[in-house]
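For reference, the structure discussed in these notes is given below.
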Amino acid sequence: MPILQKRFADLEMESAIPRCYFDGMVMGWFGDGVCDGGLYDREVCGHDGGDCIVQGYPDCQVDDPPYIGDDECDGGQYNTEECGWDGGDCVDFNRQYPNCEVETPYYLADEFCHGGRYNTEECGWDGGDCVEGYPNCQVTDPNKVGDGSCDGGEYNTEECGWDGGDCLIAEWPNCHIDNPGGLGNGLCNKGSKADVVECGFDGGDCTNLGIDDIKELLRRYPNCHPDNAHAAEMNDGYCLNSNDNAECGWDGGDCLFERKNNKF
C-alpha cells in the first residue's frame, strides 16, 4: 500500500474508533491476525479488531491467544476456567498436580530438574525430574544428587541430604567431607577437614588413638571437639585446660579430680 493511501486508511480507522486510538498506535495492526495486547486488547478497540478474541472462549483474555489449544499446558493466565484450562491442554496436568502452581507446566517430566517451585511435593518433584525429598536443594546439576558418587561442594550439604546420601559415611555419621574415600587410607591429611574427631582424625590416619577409643569418646562426649593433639590427653590423669569444659566432661574427669583434691 502506498504511504499516502495507508495514511488515509489509518485516519479512517482513527475516526471510526476515536475512543480506542492513542498516539503511537498503528491502525494497520487491528485485525491483522496477530494479538498485539496492551492498548490494542481493549473492548473499545474490539480486542485488537478481533485478533485477541479466543475462538470458543469469549471471556478468555490472554497475551497470546494462539497458545490456547496448542497441545502444551502453558499455565498462568491460560490455565483458567475462562480459557477452558488452556483450551484443554492443562486438563491432565490439573488432574495429576492439582496444587502445582507454576508458569510453565510443560517443564514437568521433561528429563531436566528445574528446581525452585517445580521441585516441590505439589509438583511431584518436577514430575520426577528432581530428587525426591530435597525441596531446598539448589545445585547446578540436581541429577547428580543421589547418583551413587559423592560430588562434594554444593551437593554435600544438609539441604541436599549430603548429596542424597552419597557423601555419608556409615562409620562416621557426623563427618562431612568431599572425599570420604580418603578416610583410613593410611595417609594423614593433617590439618584438613578430615583431621577432626567427627571424622576419626582422618579415619585413624592422624592419631595414635584406636578407632574404638575415638568412637567411645564421641559416644560419651558428642559435643566435645578436641583437636588431634589433645584428644588423647582426655582422662589421662592430668587436667588439660583446653578440655576443661562441660562438653568434654571436664577433660574426661581429670579436672574434677584435681579440683576435688585442691591441686589447682
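The values are calculated or read from the model by the stated rules, or taken from the named source; none is laboratory data. Remember, predicted model here, so these are calculated numbers, not experimental data. A quick note on method: Cβ atoms are made from the backbone with ideal geometry, for glycine too, and the neighbour counts reach across all protein chains shown. Heavy atoms of the whole protein, side chains included, go into the accessibility calculation; ligands, DNA and RNA do not. Shrake-Rupley method; radii C 1.70, N 1.55, O 1.52, S 1.80 Å.
Annotations for the structure displayed:
- Degrees, to the nearest 10: 3-16 long Cα axis against longest axis of the chain: 90
- If you wrap the Cα atoms of segment 47-128 in a convex hull and average its projected area over all directions, you get 5.2 nm².
- Each Lys and Arg Cβ is given +1 and each Asp and Glu Cβ -1; about its Cα centre, segment 142-237 then shows a dipole of about 140 debye.
- For the chain: rounded, prolate or oblate by the Cα gyration tensor [a/c cutoff 1.5]: prolate
- Working ranking of peptides 172-179, 234-241 by packing, defined as the average number of other Cβ atoms within 10 Å per residue, highest first, is 172-179, 234-241.
- With the highest mean first, a sort of the peptides 94-104, 53-63 on other beta-carbon atoms found within 10 angstrom per residue produces 53-63, 94-104.
- Taking the charge dipole of the chain about its Cα centre, with +1 at Lys and Arg Cβ atoms and -1 at Asp and Glu Cβ atoms, the residue from 30, 211, 61 reaching farthest to the positive side is 211.
- Taking the square roots of 5 times each eigenvalue of the Cα gyration tensor of segment 84-132, largest first, gives ellipsoid semi-axes of 19, 10, 9 Å.
- Rounded to 10°, Cα long-axis angle of helix 211-220 versus longest principal axis of the chain: 70
- With every protein chain in place, the chain: carbon and sulfur % of accessible area (1.4 Å): 48
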